[in-house]
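Written below as structure tokens is the structure these notes are about.
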Amino acid sequence: MIENNETIDEFLAQHSADVEEAVREAAAAEIMPRFRQLAAHEVDEKSGPHDLVTDADRLAEQYLTKTLGALLPGSIVVGEEAVHANPASYDAIQADAPVWIVDPVDGTRQFVHGDDGFCTLVALAQGGVLLASWTYAPARGQLATATRGRGAFLDGKRLNSGAPEPGSDLRVATSHPDYTTDAQKRALLGLWTDGVAPRPCGSAGLEYLAVARGESDAVAFSWEAAWDHAAGLLLVEEAGGAHLTLTGEPFRVTGGNALPFTAARDAATARRVMGLLSAGA
């Protein structure tokens with residue numbers, strides 16, 4: 001078993017390309033052949049009509065679980081679909097062992113409707129610390145990667161999130177109202193003010209990528225499922241951004257966060273967004 005970050009650093013130095021290959025192969029084998037080709041029996045509901053799962057989700061996660069576990073012996077895979085089947089398996093994020101956090105198809109609703117705005121998300125963490133991430137949008141041919149302390153990249157080009165243009169409205173992607181409590185709705189309403197241009201989010205992973213690229217200024221989300229956020233949070237951090245929860249603390253991938261939270265292009269924007277969320281709460 002990997003026991004310290006130095007050894008994991010060595011693993012990443014030697015095997016990051018292998019992880020990238022695994023992500024690409026999972027998409028090529030299980031996701032893209034079903035894109036715009038899904039049969040009715042390949043799509044199911046989980047909690048309701050807005051919470052979908054497909055054969056592509058299940059099979060891509062199985063592929064990644066097998067491949068990533070073999071790449072890093074002693075590691076644990078926490079995937080969205082496996083946790084849906086066995087909620088207790090989510091507790092592995094709290095363990096000391098290295099953990100692969102996997103969302104096989106982030107943006108399943110978009111995938112089902114034939115929209116290219118979906119991605120595969122993989123992050124490697126240990127002890128609650130995010131160490132590396134991969135965000136792959138196969139229908140767009142984009143791969144973003146991040147390694148703690150070594151930067152964020154999109155298709156090999158370093159990302160720098162920068163800062164919003166002075167005087168411009170903040171572009172903020174927010175949780176869809178269907179997925180928020182009354183208290184969270186009140187907090188998010190703080191963004192409906194002069195100087196902010198909020199909109200419902202699409203794929204969380206691609207929204208984080210937009211922040212890391214400086215195409216969007218921030219996200220404001222009200223749920224904490226690690227597979228939706230782990231890869232993107234590290235991507236934004238390594239591009240120069242920051243994230244804060246309602247208590248003013250950074251988001252913890254291990255859970256127990258005060259929600260909603262924000263991730264933004266820079267620390268000043270994160271504080272501004274969090275101030276508006278706090279005012280609405």
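Specify the angular offset, from 0 to 90 degrees and rounded to the nearest 10, of the alpha carbon long axis of helix 55-71 from the longest principal axis of the alpha carbons in the chain.
Taking the Cα atoms of the chain, the angle to 55-71 is about 70 degrees.
What FRET efficiency comes out for ALA279 versus ALA225 if R0 is 25 angstrom and r is the Cβ-Cβ distance? Round to the nearest 0.05.
Here the calculated transfer efficiency is 0.45.
In nm², what is the average projected area of the convex hull enclosing the Cα atoms of the range 98-185?
Here the figure is 8.7 nm², rounded to one decimal.
Can you pull the Kirkwood radius for the range 34-178, inverse mean 1/r over Cα pairs, to one decimal in Å?
About 17.0 Å, per the Kirkwood formula over Cα pairs.
Given a 1.4 Å probe and heavy atoms of the protein chains only, how would you sort TYR63, TYR179, largest accessible area at the top?
TYR179, TYR63
Quick one: net charge around HIS243, please, counting Lys, Arg +1 and Asp, Glu -1 for every other residue with C-beta under 15 Å from its C-beta.
Around HIS243, the charge tally is -3.
I'd like the accessible area for HIS176, computed on protein heavy atoms only with a 1.4 Å probe and all protein chains in place. Round to 10 Å², please.
Solvent-accessible area, nearest 10 Å²: 50 Å².
Pop the C-beta distance of GLU45 and LYS185 into the FRET formula with R0 = 22 Å and round what comes out to the nearest 0.05.
0.40
Given contacts defined as C-alpha pairs under 8 Å and at least six residues apart, what's the relative contact order of the chain, whole-number percent?
15 percent
Could you state, as a whole-number percent, how many of the C-alpha pairs of the range 67-110 are farther apart than 16 Å?
41 percent
If the elastic network links every pair of Cα atoms under 10 Å, which of ALA22, ALA13, ALA56 fluctuates the most in the Gaussian network model of the chain?
ALA13
Which whole-Hz ³J(HN,Hα) couplings does the range 248-262 yield from phi under the Karplus relation 6.51 cos²θ - 1.76 cosθ + 1.60, θ = phi - 60°, glycine and proline marked x?
Coupling constants for the range 248-262: x, 9, x, 5, 9, 5, 7, x, x, 8, 7, 10, x, 9, 9 Hz.
Which residue, GLY202, GLY167, GLY107, tops the fluctuation ranking in a GNM of the chain built on C-alpha contacts under 10 Å?
Of GLY202, GLY167, GLY107, the Gaussian network model singles out GLY167 as fluctuating most.
Mind jotting down the three principal axis lengths of the range 165-269 based on Cα atoms? Whole angstrom, largest first.
34, 29, 25
Given labels modelled 7 Å from the Cα in the Cβ direction, how far is it in nm from LEU38 to ASP194?
Computed distance between label sites LEU38 and ASP194 equals 4.3 nm.
If you wrap a convex hull around the alpha carbons of the chain, what volume per residue comes out, as a whole number of Å³?
Cα-based convex hull of the chain, divided per residue, equals 118 Å³.
Work out the length of the dipole vector of the chain about its Cα centre, built from +1 on the beta-carbon of each Lys and Arg and -1 on the beta-carbon of each Asp and Glu, and round it to the nearest 20 debye.
I would put it at about 680 debye.
Taking all protein chains in place and a 1.4 Å probe, what share, in percent, of the accessible surface of the range 141-281 do carbon and sulfur account for?
51 percent
Counting each DSSP H run of 4 or more residues in the chain as -39500 (n - 2.57), what helix-only mean residue ellipticity at 222 nm follows after dividing by all residues, to the nearest 500 deg cm²/dmol?
Mean residue ellipticity, 222 nm, calculated: -10500 deg cm²/dmol.
Out of every Cα-Cα pair in the range 225-281, what percent are more than 18 Å apart?
Value for the range 225-281 (Cα pairs over 18 Å): 27 percent.
Rounded to the nearest 5, what % of the DSSP beta bridges within the chain are antiparallel ones?
Within the chain, antiparallel bridges account for around 75 percent of the total.
Please list 259-265, 249-255 highest first by mean number of surrounding beta-carbon atoms within 10 Å per residue.
The peptides rank, most packed first, as 259-265, 249-255.
The values are calculated or read from the model by the stated rules, or taken from the named source; none is laboratory data. All values derive from a computational prediction rather than experimental measurement. Note: ideal-geometry Cβ built from the backbone for every residue, glycine included; neighbour counts use all protein chains shown. The accessibility values were calculated without ligands, DNA or RNA, using every heavy atom of the protein model including side chains. Shrake-Rupley method; radii C 1.70, N 1.55, O 1.52, S 1.80 Å.
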